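This report refers to the structure that appears directly beneath it.
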């Protein structure tokens, strides 16, 4: 008895991935084996191997936009701009198919031209073209004989039929079929693509220049494309260097109370709807995220060629550089999420003061305490350091009671420009030995409250015989 063959299915998986999407094809590979169970009989067994291919799906729309580029349908799609043309197999063997384009009548003299043209309307893709999302790929063959010459020119025309860009191979003399190609992004503003075939007679009665196997494909990127700008300046995805030029640097604003807002624009320069899928749509994170607030969010959907705005307010809670990151989730295949850094500077808040009245007694030594000098700082960065006396009262004696005995001793009287430290104020050493006045005479002294980054001016007044007051 012959050997029995054992066959098994073989499963092979070739996986190709793409962020744009996937689809799966399967290929059947057939393997045949002979099974000789009985010597006089043979059976054919079929083994099927399934191979699954996961092939990326790209969102591009490609189409042939040149009509009858191979001359297989007479002159359909073409215009004889100069003299007669034919779709024929005469003079040359065609590069592809049965026919090629060839001048059909006598040229009428050396140097005369034959011109064949085709205009292709691409205005339906205006938005995609203007956003840089349309490309073209051209391929065409030319052959000449003797001194005759030919060229191919492709013009990308605006609405006024003026050429924005041109592909021109120049006049060629090539005795074998020669391919010329061009690949480019269709320039913004293009509404018509014009192809011109031109020949120049060099000898004989007829011009022997032929064209064949011409193709012009148009590819439209049908994906969304996110673009974020500040101050009409593009902010690159992943930008980590905030600047004032694109609004990512908010500048300086007073901490603990000051605010400043900046606006930004999200544009969809692609050819499909842009979906902003985050919650919130524009999110802020990072070291000082609490200092930045999105006060106006954009729409969650932006059509191709459209835009929307959002606004961020900076309200620093402390001094110094404050940083955060902006993040926008979206369906752009290569810029999701769209991130960039922002920053601002919390500026020092000037200390606040207030007028006060302090009552004392005539003919007595009165203590002026630290609390008399009203001093507060919202951001907490400035502290009272000392008080500088800028002018003295006309009556009585202002002194720093260094020995804490409550009496103005020798050397303790203050002069103009003398300073009293906060420690001495806290210890109650600033005293005023008020004179005996029987009337309602006003007296005063002026001072500076010295803080870390400057000083604030104020005054003390002694309004009558029984009291004194301070006013800023």
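For segment 329-352, the criterion of being touching a helix residue (DSSP H, G or I) at 6+ places or on another chain (Cβ under 7 Å) and in a loop (DSSP other than H, G, I, E, B) is met by none of the residues.
Looking at the structure I just gave you, is residue 271 assigned by TED's automatic domain parsing to the domain that holds residue 327, assigned to a loop (DSSP other than H, G, I, E, B) and modelled with pLDDT of 95 or more? Against the criterion (assigned by TED's automatic domain parsing to the domain that holds residue 327, assigned to a loop (DSSP other than H, G, I, E, B) and modelled with pLDDT of 95 or more), residue 271 does not qualify. Could you tell me whether residue 128 is at positive phi and touching a residue at least 12 places away in the same chain (Cβ under 8 Å)? No.
Results for (1) within 30 Å of residue 330 (Cα to Cα); (2) in the same structural domain as residue 339 (by TED's automatic domain parsing); (3) in a loop (DSSP other than H, G, I, E, B), shown as yes or no for each residue.
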{"site": "151", "(1), (2), (3)": "no, no, no"}
{"site": "154", "(1), (2), (3)": "no, no, no"}
{"site": "180", "(1), (2), (3)": "no, no, no"}
{"site": "195", "(1), (2), (3)": "no, no, no"}
{"site": "211", "(1), (2), (3)": "no, no, no"}
{"site": "234", "(1), (2), (3)": "yes, yes, no"}
{"site": "242", "(1), (2), (3)": "yes, yes, yes"}
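The set of residues from segment 288-306 being part of a loop (DSSP other than H, G, I, E, B) and modelled with pLDDT of 95 or more comprises 288, 297, 298, 299, 300. Can you go through 207, 196, 190 and tell me which one is touching a helix residue (DSSP H, G or I) at 6+ places or on another chain (Cβ under 6 Å) and either within 21 Å of residue 94 (Cβ to Cβ) or in contact (Cβ under 8 Å) with a residue 40 or more places away in the chain (or both)? That would be 190, the only listed residue that is touching a helix residue (DSSP H, G or I) at 6+ places or on another chain (Cβ under 6 Å) and either within 21 Å of residue 94 (Cβ to Cβ) or in contact (Cβ under 8 Å) with a residue 40 or more places away in the chain (or both). The residues in segment 307-318 that are crowded, with 18+ Cβ neighbours inside 10 Å and outside any strand (DSSP E or B) can be counted, and the count is 2.
For the condition in contact with a strand residue (DSSP E or B) (Cβ under 7 Å, 6 or more places away or on another chain) and at pLDDT below 75, what is the one hit in 446, 437? Only one candidate passes the filter, namely 446. With the structure loaded, tell me whether residue 180 is under 43 Å from the mean Cα position of the chain (by Cα), surrounded by 14 or more Cβ atoms within 10 Å (Cβ to Cβ) and either farther than 17 Å from residue 69 by Cα or touching a residue at least 24 places away in the same chain (Cβ under 8 Å) (or both) or whether it fails that test. When the stated conditions are applied, residue 180 passes them. Selection within segment 97-127: residues that are assigned to a loop (DSSP other than H, G, I, E, B) and modelled with pLDDT of 95 or more. The member of this set that is farthest from residue 68 (Cα to Cα) is 122. Could you tell me how many of the residues in segment 415-434 are closer than 19 Å to residue 364 by Cβ and crowded, with 20+ Cβ neighbours inside 10 Å? Selection size over segment 415-434: 5. Do we have any residue at all in segment 157-168 that's touching a residue at least 40 places away in the same chain (Cβ under 8 Å) and assigned by TED's automatic domain parsing to the domain that holds residue 106? Checked segment 157-168: no residue is touching a residue at least 40 places away in the same chain (Cβ under 8 Å) and assigned by TED's automatic domain parsing to the domain that holds residue 106. Taking residue 228 as the residue in question, decide whether it is surrounded by 15 or more Cβ atoms within 10 Å (Cβ to Cβ), modelled with pLDDT under 95, in a strand (DSSP E or B) and in contact with a strand residue (DSSP E or B) (Cβ under 7 Å, 6 or more places away or on another chain). Spelling it out, it is not the case that residue 228 is surrounded by 15 or more Cβ atoms within 10 Å (Cβ to Cβ), modelled with pLDDT under 95, in a strand (DSSP E or B) and in contact with a strand residue (DSSP E or B) (Cβ under 7 Å, 6 or more places away or on another chain).
Taken over segment 276-297, the criterion of being surrounded by fewer than 21 Cβ atoms within 10 Å (Cβ to Cβ) and in contact with a strand residue (DSSP E or B) (Cβ under 6 Å, 6 or more places away or on another chain) is satisfied by 283, 284, 285, 286, 287, 288, 289, 293, 294, 295, 296, 297.
The values are calculated or read from the model by the stated rules, or taken from the named source; none is laboratory data. Everything numeric here is computed off the predicted structure, so don't read it as measured data. Neighbour counts are summed over all protein chains in view; Cβ atoms, including those assigned to glycine, are modelled from backbone coordinates with ideal geometry.
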